[in-house]
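The block underneath contains the structure these notes are about, expressed in structure tokens.
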Amino acid sequence: MSWIDSSLSGQVIALQLKSERAELIAGNIANSDTPNYKARDIDFRAEFERRISGESGGALRTTNAQHMKPEGGGSAHITFSEEGGGEDGNTVESEKEQATYTKNAIQYQVSLQFLNSKIRGLKLALKGE
Amino acid sequence: MSLESVFGVGQSALVAQTYRLNVIAENLANAEVPAGTPDGAYKGQYPIFKSVLSEVDGSMAMSVKIDGVAEDQRPARSSYEPGNPIADEDGFVYMSNVNSVQEMASMMAASRSYQTNIEVMNTAKDLLMRTLTIGQQ
């Protein structure tokens with residue numbers, strides 16, 4: 001891994017994880033009226049540590065249409081909420097999910113900002129001005 | 001890139017909520033239609049949703065799919081109208097079992113849910129647009 005890669009990789013992994021989290025929470029909001037749907041989320045710290053330590057992760061590859069996808073995709077640290085289900089067994093709390101989604105979007109922009117300043121710093125160093 | 005699949009998920013939710021609104025409109029339109037027999041009265045309907053893994057490869061997000069329509073099993077409302085030509089021999093006509101107030105509340109919920117999903121897609125769009133400008137400042 002080149003020094004440029006390693007200086008950016010932490011932010012890149014964070015960005016990737018936050019976009020995956022946005023995807024999961026969008027799914028929760030979309031399924032707020034689906035019976036027996038369990039709200040899901042990523043255990044951010046555990047998943048981040050797993051990826052930064054270089055363990056192979058991410059989604060399972062399927063090479064045949066008959067291959068089954070595991071429930072909740074291939075990522076290892078997905079949590080399912082069992083609390084607060086109404087009589088239809090749905091555990092999505094719409095307001096909570098909306099707040100989490102917005103928070104995650106802001107954190108995504110924070111990561112972007114950090115990545116941008118890293119790139120600016122590298123550019124400055126390369127130019128030597 | 002995972003953020004792109006937010007659009008697929010959001011779109012499936014918009015389709016589902018639109019369908020729900022259609023069914024509600026149908027229920028409300030038929031709420032006051034009388035029939036001569038309890039079986040002939042209009043039965044309220046409601047959509048059943050289910051979640052499916054989104055079709056984008058490697059995605060973990062759950063989209064919404066319409067699994068079918070269920071019929072309201074409550075008995076039809078009877079009303080004594082001996083002058084009505086379709087009344088049965090006891091003078092009763094039968095109205096649908098639709099509860100208008102319930103349908104209106106359900107309509108509000110569907111429309112709020114539609115708005116929320118559009119908001120979600122808008123936010124995802126903003127994030128993607130910002131991502132495109134990485135390293136340009």
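The values are calculated or read from the model by the stated rules, or taken from the named source; none is laboratory data. All figures in this text were calculated on a predicted structure; none of them were measured in a lab. Using ideal geometry, Cβ is built from the backbone for each residue, glycine included, and neighbour counts are taken over all protein chains shown.
What the table shows:
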{"read-out": "Positions within the stretch B:13-54 being in contact with a helix residue (DSSP H, G or I) (Cβ under 7 Å, 6 or more places away or on another chain) and either in a loop (DSSP other than H, G, I, E, B) or more than 18 Å from B:Ala70 (Cα to Cα) (or both), in sequence order", "value": "B:Ala13, B:Leu14, B:Ala31, B:Gly44, B:Ser54"}
{"read-out": "Test result for B:Leu53, over 22 Å from B:Ser78 (Cα atoms), out of contact with any Asp or Glu (no Cβ under 7 Å at 6 or more places or on another chain), at pLDDT below 90 and not polar (S, T, N, Q)", "value": "yes"}
{"read-out": "Qualifying residues in the stretch A:8-26 (those that are of a type outside the set (A, V, I, L, M, F, W, C) and facing chain B (nearest Cβ under 8 Å)) - the one nearest to A:Ile78 (Cα to Cα)", "value": "A:Glu20"}
{"read-out": "Residue in the stretch B:27-49 that is without any contact (Cβ under 8 Å) to a residue 24 or more places away in the chain, more than 24 Å from B:Ser111 (Cβ to Cβ) and within 14 Å of chain A (Cβ to nearest Cβ) present", "value": "no"}
{"read-out": "Per-region count, the stretch B:61-100, residues farther than 30 Å from B:Gln17 by Cα and among the aliphatic types (A, V, I, L, M)", "value": "3"}
{"read-out": "Checklist (1) within 26 Å of B:Leu127 (Cβ to Cβ); (2) modelled with pLDDT under 90; (3) touching a Ser or Thr at 6+ places or on another chain (Cβ under 9 Å) applied to A:Asp88, failing item", "value": "(1)"}
{"read-out": "Some residue of the stretch A:45-66 being touching a Phe, Trp or Tyr at 6+ places or on another chain (Cβ under 8 Å) and modelled with pLDDT under 90", "value": "no"}
{"read-out": "Sole exception among (1) surrounded by 15 or more Cβ atoms within 10 Å (Cβ to Cβ); (2) of a type in the set (S, T, N, Q); (3) in contact with a Phe, Trp or Tyr (Cβ under 9 Å, 6 or more places away or on another chain) for B:Asn117, by number", "value": "(3)"}
{"read-out": "For B:Ser100: the one exception among (1) surrounded by fewer than 12 Cβ atoms within 10 Å (Cβ to Cβ); (2) of a type in the set (S, T, N, Q); (3) within 19 Å of the chain's Cα centre (by Cα)", "value": "(1)"}
{"read-out": "Any hit, the stretch B:69-80, residues being farther than 30 Å from A:Ser117 by Cα, within 14 Å of chain A (Cβ to nearest Cβ) and without any contact (Cβ under 8 Å) to a residue 40 or more places away in the chain", "value": "yes"}
{"read-out": "Subset of the stretch A:81-129 (residues that are of a type in the set (Val, Ile, Thr) and either loosely packed, with under 12 Cβ neighbours inside 10 Å or out of contact with any Gly (no Cβ under 7 Å at 6 or more places or on another chain) (or both))", "value": "A:Val92, A:Thr100, A:Thr102, A:Ile106, A:Val110"}
{"read-out": "Residues located in the stretch B:106-132, provided they are small (Gly, Ala, Ser) and either at positive phi or touching a residue at least 24 places away in the same chain (Cβ under 8 Å) (or both)", "value": "B:Ser106, B:Ala110, B:Ser111, B:Ser113, B:Ala124"}
{"read-out": "Scope the stretch A:27-42; condition over 14 Å from the mean Cα position of the chain (by Cα), of a type in the set (D, E, K, R) and more than 7 Å from every other protein chain (Cβ to nearest Cβ); matching residues", "value": "A:Lys38"}
{"read-out": "Pick from the stretch B:111-137, criterion more than 8 Å from chain A (Cβ to nearest Cβ) and under 18 Å from the mean Cα position of the chain (by Cα), ranking: nearest to B:Val33 (Cα to Cα)", "value": "B:Ser111"}
{"read-out": "Residue count for the stretch B:54-87, restricted to those that are in contact with a Pro (Cβ under 9 Å, 6 or more places away or on another chain) and among the charged types (D, E, K, R)", "value": "2"}
